[in-house]
Amino acid sequence: MNPFIYSRAASPADAVQVIASLRDRRPKFLAGGTTLVDLMKLDVETPDHVIDITAVPELATFDTSGSTELTFGALAHMSDVAADAVLRQRYPALSEALWLAASQQLRNMATLGGNLMQRTRCAYFRDTSYPCNKRVPGSGCSALEGINRGHAVLGVSDACIAVYPGDFAVALAAFDGVVDTLSPRGTRSIPILEFHREPGSTPQIETALANDELIVRIRVPTTTLGKGSTYLKVRDRESYAFALTSAAAAVSLADGRVRDARIALGGVATRPWRAREAEQSLIGQPLTEASARHAGELAFRGARTRPLNAFKVPLGVNTVVEALMIAQQRA
């Protein structure tokens, strides 16, 4: 790990003021540290100034009682939010996405804002002995012809096929979550579907955040769709593993037909992936296994596979089908 300067912020404004004064340096905010510290140990992340925001109490609160939206502070811990009674009953997909992530120890430490910012687990990204366009732009992508079983099939480019590893952002994508930020230029709100970027020719730019911008909260519009929802995660082992495929699905029904539907995919794309064409195919139709399978096939139309990860397409279709069937039962 490289040496760095450590400072501690007392408020969001203080944190932003500090980072604004460090324009010629490589600063990073420190929240739970469950991703940043690991990458610093591997010399993948090499900040020369770390700004600790864990002593900012207003960023750690969350409220699921609102009539128009749910609000989650960026420093709210994953385990606390996952256990919230309102979330478990009315928005099970959001709760399950947090319960199924990592281990209990990590969930107790990791924060929601930090979880959105976690970086790919691509082994070539995390091992500095291999070329990686995400780590060193222009150096090449070792995964293209390497061991790419866990890599993305949607939103990929010739420069990068690294999969986005998170779960919570996938569930947020299904419910049109919004990320509120603060910077020296003021505040702004970023729809979660615009927050993470596809790699294109610049895979090193992973989010819409500016370098001096701090996540302060996440907001989710209230919706009756929440109760009829689930987050289904398929992985090599039942716990402590990242998704091979996952799906956040939500449906509402009227007279035996689908009135509204949401489908977001994880484990298969370079960012949280909303399957809008698949959703539209269900509207006005009875939700059967056949219609669910058609939706799953639409969700993966246009997938670009490599020899080792082509299995993700049929597995992903099956994941969508099962998630929709669970959501239907809950609705």
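The values are calculated or read from the model by the stated rules, or taken from the named source; none is laboratory data. Just so it is clear, the model here is predicted, and its values are computed rather than measured. Positions of Cβ are backbone-derived with ideal geometry, glycine not excepted, and every protein chain shown enters the neighbour counts.
Structure notes:
- Residue within the range 233-240 that is assigned by TED's automatic domain parsing to the domain that holds Thr319 and more than 19 Å from Leu315 (Cα to Cα) present: yes
- In the set (1) under 18 Å from Phe175 (Cβ atoms); (2) in contact with a His (Cβ under 7 Å, 6 or more places away or on another chain); (3) not aliphatic (A, V, I, L, M), the condition left unmet by Ser281 is number (1).
- Looking at Thr305, Thr319, Thr288, just one residue is over 30 Å from Phe29 (Cα atoms) and either touching a Ser or Thr at 6+ places or on another chain (Cβ under 8 Å) or in the same structural domain as Ala10 (by TED's automatic domain parsing) (or both), and that residue is Thr319.
- Those strands (runs of 3 or more DSSP E) of the range 114-223 in which 3 or more residues are in contact (Cβ under 8 Å) with a residue 60 or more places away in the chain and not small (Gly, Ala, Ser) occupy 214-221.
- Scanning the range 156-176 finds one or more residues that are farther than 18 Å from Gly267 by Cβ, modelled with pLDDT of 95 or more and within 13 Å of the chain's Cα centre (by Cα).
- First in the range 286-303 and touching a residue at least 60 places away in the same chain (Cβ under 8 Å), second anywhere and of a type in the set (A, V, I, L, M, F, W, C) and part of a helix (DSSP H, G or I), Cβ under 8 Å, 6 or more apart: Phe300/Val313; Phe300/Val317; Ala303/Val313
- Verdict on Arg259 being in contact with a strand residue (DSSP E or B) (Cβ under 6 Å, 6 or more places away or on another chain) and in the same structural domain as Thr319 (by TED's automatic domain parsing): yes
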